[in-house]
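Down below is the structure, laid out as structure tokens.
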Amino acid sequence: MARAEAHTIGEVINLLREEFPDVTVSKLRFLEGQKLIEPRRSPSGYREFSVSDLERIRYILRQQRDHYLPLKVIKSKLAAWQRGDDPVAELPEGPPPEAYFASSGVSMTPPELAKASSLTRKQVAALVEHGVIEPMVLDDGKEVFRDEELIVARAAYRLLRHGLEPRHLRSFRLAADREVELLRQLTAAQLRHRNPDSRQQAAEILADCAQAGRELSETMVRAHLRRLLEA
């Protein structure tokens, strides 16, 4: 490769900065570490980026910025993009992790949670005992529940009013714990690193997979129940 056709990593940053002002050297090195880009090396060991490398980087960064795609999905699309082909079917996009993991910051005492969910205080205590909901203990020892616990409590109320008991709902907690562990293992490599790019990639994968897992579980349950009704 002639030197005139190549760019150093610093030159690439300058060429990208207008469209991607947050791009950094560490970001490009991270993409290289994930095998999404493979710039050549000069005899002295410096990275040399060709015009096609530059366009490949732009494609990756646009997919992240515009479609919130995790790097694993982008990697699967790169081969088709390089051939100039449009994918046969667009993969569904996962939710932005910033939205998926957002919290309102609301907190409620046990009596407030009971009132907001239509549960009795005894039922709230039983759900805590069986691990269905989990209070957060403040520095002063006070227990409060976050907004996620309110959603769980309201769903629990719907199940309990049909005759289930709090102990029966523990199976839902165990299923959630197994799913969390599976996704933790999937993103273990990214979670081991503390740099923002690795954490962002982990968040993208977790949000996408968590939503896909919910759709998978709900659809499978619905299909089984429909067959039960049709039997």
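Which pairs have Cβ atoms under 6 Å, sit 6 or more apart or on different chains, and link a residue in segment 205-217 that is in the same structural domain as Leu182 (by TED's automatic domain parsing) and over 13 Å from Lys72 (Cβ atoms) to one that is surrounded by 19 or more Cβ atoms within 10 Å (Cβ to Cβ) and basic (Lys, Arg)?
Here the result reads none, with nothing in segment 205-217 linked to a residue that is surrounded by 19 or more Cβ atoms within 10 Å (Cβ to Cβ) and basic (Lys, Arg).
Does at least one position in segment 97-115 carry a residue that is closer than 30 Å to Asp66 by Cα and among the aromatic types (Phe, Trp, Tyr)?
yes
Considering only residues that are in contact with a strand residue (DSSP E or B) (Cβ under 9 Å, 6 or more places away or on another chain) and not small (Gly, Ala, Ser), which ones fall in segment 4-13?
Glu5, His7, Thr8, Ile9, Glu11, Val12
Go through segment 70-112 and count every residue that is under 28 Å from Val12 (Cβ atoms), surrounded by fewer than 14 Cβ atoms within 10 Å (Cβ to Cβ) and modelled with pLDDT under 85.
Residues that pass the stated criteria total 10.
Go through (1) without any contact (Cβ under 8 Å) to a residue 40 or more places away in the chain; (2) loosely packed, with under 14 Cβ neighbours inside 10 Å and name the single condition His67 misses.
Result: His67 fails condition (2) only.
Can you tell me which of (1) surrounded by fewer than 12 Cβ atoms within 10 Å (Cβ to Cβ); (2) within 14 Å of Gln201 (Cβ to Cβ); (3) charged (D, E, K, R); (4) within 20 Å of the chain's Cα centre (by Cα) is the one Lys35 doesn't meet?
Only one criterion is unmet by Lys35, namely (4).
If you go through segment 1-38 one residue at a time, how many are part of a loop (DSSP other than H, G, I, E, B), over 13 Å from Ile60 (Cβ atoms) and either touching a helix residue (DSSP H, G or I) at 6+ places or on another chain (Cβ under 7 Å) or among the hydroxyl-bearing types (Ser, Thr, Tyr) (or both)?
The total comes to 2.
State whether one or more residues within segment 109-125 are assigned to a loop (DSSP other than H, G, I, E, B) and touching a strand residue (DSSP E or B) at 6+ places or on another chain (Cβ under 9 Å).
yes
The values are calculated or read from the model by the stated rules, or taken from the named source; none is laboratory data. Since this is a predicted model, take the numbers as computed values, not measurements. Cβ: placed from backbone, ideal geometry, glycine included. Neighbour counts: every protein chain shown.
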